Amino acid sequence: MSLPLTLGVSCAADGGWTLTLIEPGAPPVSGVVTAEIVQAALAASAEGRPGDVGALLGQALARCPSILARVYTVLGAARERREPTLLLLRCDEAPCLGLPWERCVDPSGALWEAREPLCIVRLLAGAPSLSAREHAELRLGFWSETLGSPSREPILFTGPVEAELLNAPDTARILHLDAPIPDEPLPPSLRAALTSVTAVVVHGEQTPWAAAASRLLSAGAPAVLTGVPQDPQAAQELLERVYSRLLSVAGLAEAVKDLRVSSPALAGGLILAVADGAALSGGVIRERWIPQGWPRPSAEAAAVLQGALELAQQLASGFVGLEHIVLSLCRPSPRGRVAERLRFMLSMRREGVRERLSSYELFAPENVEYLGTPRLQSLATRLAPGFEVETLWALIRDDVSALLNATARLSPLSESTLMTDEPESGSQRVVPKAALATHMEVLGGPEDGRTLRMQVGEELGRASADSAVTHALYGHTALTDRHLSRRQLRWLGGGRLELLARARELRRPGGSEPLSGGTVQICAGDVIALTRVTWLRGLGD
């Protein structure tokens, strides 16, 4: 969410309005609206013609060209960034405040929120509200005078698919007030509940609505949503749409705008009010990251996966893979006994993982996609909803141990290792005979888990604009490996491949051997290090 604009509306002595637009970091701009337009807007509002009011409000803004120019400059920048702008509307006088500003139209006659990346939010007087907290899930509760306290049970406005989400321990809490707000002082139970929620939905007739919202905001509510239809069936339909959007868009403001634009008959009267624009910064709901196709994890596992995404972004990795999950498991945060044990096991590998990730080169930033590597995505069908960290580790242990062990033993002279133990000598081990490799897979990096089924004569190399190889690596990722040749190897069949450029090492269960060129035979389970960070593993049928 970009920095909000604040539009102040105050009544002038001659019956007109004075408008003041405030943009953070820029001098304010002002304009004057004539009494004629103001009176016409108030009359249309009193007669219940919100469409006409919206047109008149649009005319009022059009009479203030400096304000309109500043707004469109900000909206143009927001459109390029593909993010909406909050227009925080501050009206200190009741006649101005009661108008349906959300139905304001632009100079072309179209609804502003429908044509522009703009969300109109009421800014009411009150104590500064709490800054928005980012949450992973959504829980609904309600408060009424008869109960005297907020309900601990969620109200399931959403469908069965989302029912599990509403009971998640890491939640955004929406408090419903299904009765008129009690007179001052607010009941202690209600006042205590307001400070622990992310938004309050007000049902029923609240006259005047601004006074009721102001009281809630002053008591600590971060945001208040009013204008919910009085008809129970219409209210439930509206709220179902609000909550489904909250789980798929950036935040409450965008969800409300979306509904006002798409369903004006149902949601045209929705009013979102805050006491501080910071209450909506960053969104109200943010789903935690999981690899594409994965079921929803437990709160503890979700924290590990979210940490993997954050580390990938901090390190400019351009992808999320097993390496980032290892780093996330090493982070010193309280995530239970299982994570503590894994963190101890993996702590010595942390620096090696970081060093390996830093060996890639950012080549195509536009290709950044945090969907998870092919190996991570392939695990989706083997995880059940609500899976724990222990289940996740048990599932990926074989894959990640192959990666970790191979990394440690590919280059004993290099400090870029994921493990610290020394490779065992071939004389100390009994090596079973392995079948010849029929195909290969990428081991580690942004294409970890990608399967390469090569036909005789086909070549593999680094993707480039003039690449002619059949199998190009890093072609659809944000990273590249400059040390990998554009023509690295040719598949000869029968587990044999011809190195067209120098490689580092071939690691077998019984030992390793350096590589330079020529023909190499690989078996299932062998790992060939083409460069410091590009490895292939032989697979059998």
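The values are calculated or read from the model by the stated rules, or taken from the named source; none is laboratory data. As the structure is a computational prediction, the values presented were derived from the model and not from experiment. Neighbour counts are summed over all protein chains in view; Cβ atoms, including those assigned to glycine, are modelled from backbone coordinates with ideal geometry.
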Selected residue (criterion: surrounded by the most Cβ atoms within 10 Å (Cβ to Cβ)) from residues of segment 371-390 that are in contact with a helix residue (DSSP H, G or I) (Cβ under 8 Å, 6 or more places away or on another chain) and in a helix (DSSP H, G or I): Leu376
Criterion: surrounded by 15 or more Cβ atoms within 10 Å (Cβ to Cβ) and in contact (Cβ under 8 Å) with a residue 40 or more places away in the chain - qualifying residue of Arg482, Arg486, Arg537, Arg490: Arg537
Count of residues meeting criterion [of a type in the set (Gly, Ala, Ser) and in contact with a strand residue (DSSP E or B) (Cβ under 6 Å, 6 or more places away or on another chain)] in segment 479-493: 1
Unique residue being at pLDDT 85 or above, buried (at least 20 other Cβ atoms within 10 Å of the Cβ) and closer than 19 Å to Ile22 by Cα when the list is Leu123, Leu99: Leu123
Residue match in segment 510-518 (condition: in contact (Cβ under 8 Å) with a residue 24 or more places away in the chain and either among the aromatic types (Phe, Trp, Tyr) or over 24 Å from Glu323 (Cβ atoms) (or both)): yes
Criterion: within 25 Å of Ser262 (Cβ to Cβ) and buried (at least 17 other Cβ atoms within 10 Å of the Cβ) - qualifying residue of Leu42, Leu56: Leu56
Checklist (1) modelled with pLDDT of 90 or more; (2) in a strand (DSSP E or B) applied to Arg487, failing item: (2)
Any hit, segment 498-514, residues being among the acidic types (Asp, Glu) and either in contact with a helix residue (DSSP H, G or I) (Cβ under 8 Å, 6 or more places away or on another chain) or buried (at least 16 other Cβ atoms within 10 Å of the Cβ) (or both): yes
Residues that are in contact with an Asp or Glu (Cβ under 7 Å, 6 or more places away or on another chain), over 19 Å from Leu322 (Cβ atoms) and aliphatic (A, V, I, L, M), drawn from segment 438-480: Val469
Helices (runs of 4 or more DSSP H) enclosed by segment 1-90 - at least 2 residues per element that are in contact with a strand residue (DSSP E or B) (Cβ under 8 Å, 6 or more places away or on another chain): 50-62, 65-81
Hits in segment 215-268 (condition: among the hydroxyl-bearing types (Ser, Thr, Tyr) and either in contact with a strand residue (DSSP E or B) (Cβ under 8 Å, 6 or more places away or on another chain) or assigned to a helix (DSSP H, G or I) (or both)): Ser218, Thr226, Tyr243, Ser244, Ser262
Cβ pairs under 6 Å, 6+ apart, first in segment 223-235 and buried (at least 19 other Cβ atoms within 10 Å of the Cβ), second among the β-branched types (Val, Ile, Thr) and part of a loop (DSSP other than H, G, I, E, B): Ala235/Val228
